Amino acid sequence: MNPIVYSMFKNKCPRCHQGDVFVNHKPFSRQFDQMHTHCSNCELKYEKEPGFFYGAMYVSYAMMVAVFVTLWVLNIWIFHLDSVPFIFLVLGGIVGLMTMVFRGARLLWMNFFIRYNKELDNNDINIKV
């Protein structure tokens, strides 16, 4: 499995794949946005500098555009909804996926700048880099 995909789907530190990035594992909880400041295993500081995660907003925007385009294509091929029901479908999809997109964008942004280091991984989960 790709190290970036593993880190994103398992909510793990991008460098060692051991420590959790977010405090709560459930994406639909009230604390969906609370992050640990450092990795519990390798002591990596997640926010490299003030404003580090501003770039994750652009990633989140791209992910939401992908959600919109997917719903639009599904509407053309399958649903055949008029404008107003389609708007409600899009709003429901965007609101429903908002917390997962927020987390995914931050994890993807961190993985752009922090590379996986196999020597720090204590579990040896057989990730091929």
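The values are calculated or read from the model by the stated rules, or taken from the named source; none is laboratory data. It should be emphasised that the depicted structure is a prediction, and the values quoted were computed from it without experimental measurement. With ideal geometry, Cβ positions are generated from the backbone for all residues, glycine too; neighbour counts draw on all protein chains shown.
Residue-level check: of (1) within 14 Å of the chain's Cα centre (by Cα); (2) surrounded by fewer than 15 Cβ atoms within 10 Å (Cβ to Cβ); (3) over 25 Å from C16 (Cβ atoms); (4) among the aliphatic types (A, V, I, L, M), V65 misses just (1).
Based on this model, can you work out whether M57 counts as over 23 Å from N2 (Cβ atoms) and modelled with pLDDT of 95 or more? Yes: the conditions hold for M57.
Looking only at segment 43-83, residues that are basic (K, R) and either in contact (Cβ under 8 Å) with a residue 60 or more places away in the chain or within 21 Å of G96 (Cβ to Cβ) (or both) come to 1 in all. Does segment 86-94 contain at least one residue that is crowded, with 16+ Cβ neighbours inside 10 Å, in contact (Cβ under 8 Å) with a residue 24 or more places away in the chain, among the aliphatic types (A, V, I, L, M) and under 27 Å from D20 (Cβ atoms)? Within segment 86-94 (the criterion being crowded, with 16+ Cβ neighbours inside 10 Å, in contact (Cβ under 8 Å) with a residue 24 or more places away in the chain, among the aliphatic types (A, V, I, L, M) and under 27 Å from D20 (Cβ atoms)), the answer is no, since none of the residues qualifies.
Note on segment 95-116: among residues that are closer than 12 Å to F53 by Cβ, of a type outside the set (A, V, I, L, M) and more than 8 Å from the chain's Cα centre (by Cα), the one that is surrounded by the most Cβ atoms within 10 Å (Cβ to Cβ) is W109. With respect to F9, is the statement that it is among the aromatic types (F, W, Y), free of Cβ contacts under 8 Å to residues at least 60 places away in the same chain and touching a helix residue (DSSP H, G or I) at 6+ places or on another chain (Cβ under 7 Å) true? Spelling it out, it is not the case that F9 is among the aromatic types (F, W, Y), free of Cβ contacts under 8 Å to residues at least 60 places away in the same chain and touching a helix residue (DSSP H, G or I) at 6+ places or on another chain (Cβ under 7 Å). Scanning segment 15-41 for residues that are over 17 Å from I4 (Cβ atoms), in contact (Cβ under 8 Å) with a residue 40 or more places away in the chain and either surrounded by 16 or more Cβ atoms within 10 Å (Cβ to Cβ) or not aromatic (F, W, Y) (or both) gives P27, F32, D33, M35, N41.
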